[in-house]
1. Quote the relative contact order of the range B:247-367 in percent (integer), defining contacts as alpha-carbon pairs under 8 Å separated by 6+ residues.
2. Counting other beta carbons within 10 Å of each Cβ, put A:292, B:72 in order, fewest first.
3. Sort largest first and round to whole Å: the equivalent ellipsoid semi-axes of the range B:203-330, each the square root of five times a Cα gyration tensor eigenvalue.
4. With runs of 4+ DSSP H residues as the only contributors, calculate the mean residue ellipticity of the protein assembly as shown at 222 nm using -39,500 (n - 2.57) per run, divided by the residue total and rounded to the nearest 500.
5. Among B:304-311, B:108-115, B:215-222, A:305-312, how do they line up from the highest to the lowest mean number of other beta-carbon atoms within 10 Å?
6. Could you state the number of Å between the C-alpha centres of the range A:344-382 and the range B:29-88?
7. Can you tell which of B:400, B:20, B:163 shows the greatest fluctuation in a Gaussian network model of chain B with Cα springs below 10 Å?
8. Scaled to the compact-protein estimate 2.2 N^0.38 Å, what is the alpha-carbon radius of gyration of the range B:206-263, rounded to two decimal places?
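Rule-based calculations on the coordinates, nothing more; no lab input. Computed from a predicted structure; not experimentally measured. In this analysis, Cβ positions are derived from the backbone assuming ideal geometry, glycine residues included, and neighbour counts consider all displayed protein chains.
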């Protein structure tokens, strides 16, 4: 007998054998009778999926595109006739949680790539046609190329590697020059939302910079608009134009005269406020002038008179924040610092002393560990946390949840940074120093340490430093508060939201979904009260005082329901075109989303401030499912016009409410799960 | 659509039962065929132009002659059972088609586990102790008697006994009983059952294609764990009994008077090399052994079945069709039946070590329909098979064994 030990460790995949098996499966399908083909497909799809997950897998499938198609992979599906395929449908196919859908879409893309490259003479599609189609696919799926992960991808898990991989493979083969201009527009669109986490934007810009210097990539006329983006990171001023490296630049600073320093300062400030991105050289510059002539600090931060005033009042604190927190690695903190000074929040009595505590904070080993894992060992964890605090206080609407189902916690952080900055600083201190946060639920203390677990099984590291440290605690507390409500009828957010976010969240609660059945309930009453509470024409022209938590039913570009999502309603006002809009904060990493049926969330040029998303009031109301209000202030249901109400109701029924019609007929019964 | 071109010199066969793999094999072969299946198959057959005769296989009754007559009028030469439930139908039909009444009696013998054992015993084939049970008391008595025979004293742990339905395939209804208390867990509607003493041997199965009363091809299937996993060909450790096993099968052919077709018996071999007969079925085995054989040898086992049943098959055809056992195998093909190990499951998650293993081929598991897993009383049915193929039988064996420790449903 042999003593072979099978399968104790995870074995390395033998790619050749895997591909051999795929070839066998292709032959089996090809030789199969039409009536039995269906039975051969699961094996082939499973093998193709496994091949696609391996390095070189995309090329392997591409090389077999012709055999795959002729064997009958696409027979009986829309993919069988490539000329009728619509590029915009690829997004939802690639983001499907169903493995077979993702795999067949990927095989189809790789087939067209083979056609475009002339490797496969397709009977019904010309090489140019295929090329054109793929260019559109790339442009439409840019987010898969470099961007942030969305809800759909989060649901997908490992499959997302195939979706992303196939788009990246196509881009490499087709050439980035065909998408680069679209990509640049996309980067500007994201930067207009001024996110705190700019890692993926930096990656995209770096990718473009690399394409531009790669002699093998002919960008043609494309990519011209990338100049400002690339320079904002790699050479925003005269003295670092050619990206000389930090050491060389610091040497140059030693010998600069006043005029030169002045020009550097304004150059940095202009670039920073233009893009929201901070160059590492900027950090070197600020540290340098702080030692020699800190009068240039105001210039380098690009401050207005408000900001300058604040800086002068709290000069020592600002110096301490820069010395302890601003390094080339954490340069992004300068933008937060500038905006924080502009907000004037340092004039609130507890904020400055709380920031002094932050500067001197002892950070517990657990928090250090997370910061090390996410950001590396230099500078010290404390510096990263200071950067994070400055950014969050400066850009409260720039908070993002990363690839985590923790929209509630991200929303809370944003709300406190916006509304209650010293409370946020308290949370950071507890989490970072004590590794425990205790909040109270109806008088009962809820500890993040004693909780059984959060909504997210694991919090990823793609977060800003504050979220990185605080969210794991908040998430557990949020989940624990939910658990304390399990035996209460209806939606737990009714009690959890005000207790979790703070006193300013309204105690009045409205929901239009029956938790038991998942059906819509009293949509009209829900909407009339929403108008009465939030719409200036119906609430006595009262602007919203405190940001309010709300829940939306997120739909995809085909208006199909994806999931429940937590947002903050910030204000309701007329836009430049005199359209009443709801301005809100979406803790998602990119608020600009197409929710289908003409509902496209805007992030700029409709009167939005940095980080705000907006929709016309009616469209927003059609995706809303939970809101809070002050029960004492809310008056009579608003006398909204029947037409307007009908339009909103129709939009609900045409999208996420499609299968939730409250009728005698039994329909889908799915209680709203916790929001992601 | 059927693209078949058949050889008019050869037989016309009827497949009893619905198996897409068998139909496809027939369609690609040179014998004219017709599928006899329940009427739910009609739409599919019409859509794909598959030759089809509707028939609902229930218990044999006075209408049974009707289907035999229909097939005879169509010119069908022989019928082939694909499932345990169609074995007696094939016997009845073939006795008409081939004008050989003995075939029906033979089929009934092969359908009843108790009768089958008696016949084997009469033929000088070694079997364990067995008895029919009509109620729970019979079971308790048998358990006690078997253990008395083994000279066990009161308080010694009992040797288990096995309970099986008379006429069900494979592990369906198979229970292991160790104590009288366990007898109470058997529902009354499961009686009557066959009881057997436990044989402490190595259990394995044989698939043998028979033509003109001779073995055309004999495969030994090695069970790693009964009800969980099987692979073909067997390890050299088991193949070393091939000569002995062949002799046993020849004895079986003689005893059951089998002239053509296919048998799938199970045996135990004890440590001293003695073979005990377990049971025999006259139809393709479960656990997709036919598919495993095709993977290992490259020949289509269903076509082999057609060949061995067709009265117009020549000896030369048979010789040319089947490969040489073991030496012609390109490797070892095995499969593992997955049972959820947890009480509550929410999704299918292939363990990475399985999915990335060099031998792993594919799986036919589907996501769970229900979250709560029904507790298994009898051996029960697995949730789907996973397939492996590789060069080393020992790696294969250990790999299949190791799968038992993994969670596929979490």
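1. Values: 88 pairs, mean separation 21.4, N = 121.
Rounded, it is 18 percent for the range B:247-367.
2. The order, fewest Cβ neighbours first, is A:292, B:72.
3. Output for the range B:203-330: semi-axes of 22, 17, 13 Å.
4. After summing the helix terms and dividing by residue count, I get -13000 deg cm²/dmol.
5. On the way: B:304-311: 23.0, B:108-115: 19.2, B:215-222: 21.5, A:305-312: 15.9.
Result, highest mean first: B:304-311, B:215-222, B:108-115, A:305-312.
6. 79 Å
7. Of B:400, B:20, B:163, the Gaussian network model singles out B:20 as fluctuating most.
8. Rounded to two decimals, the normalised Rg is 1.19.
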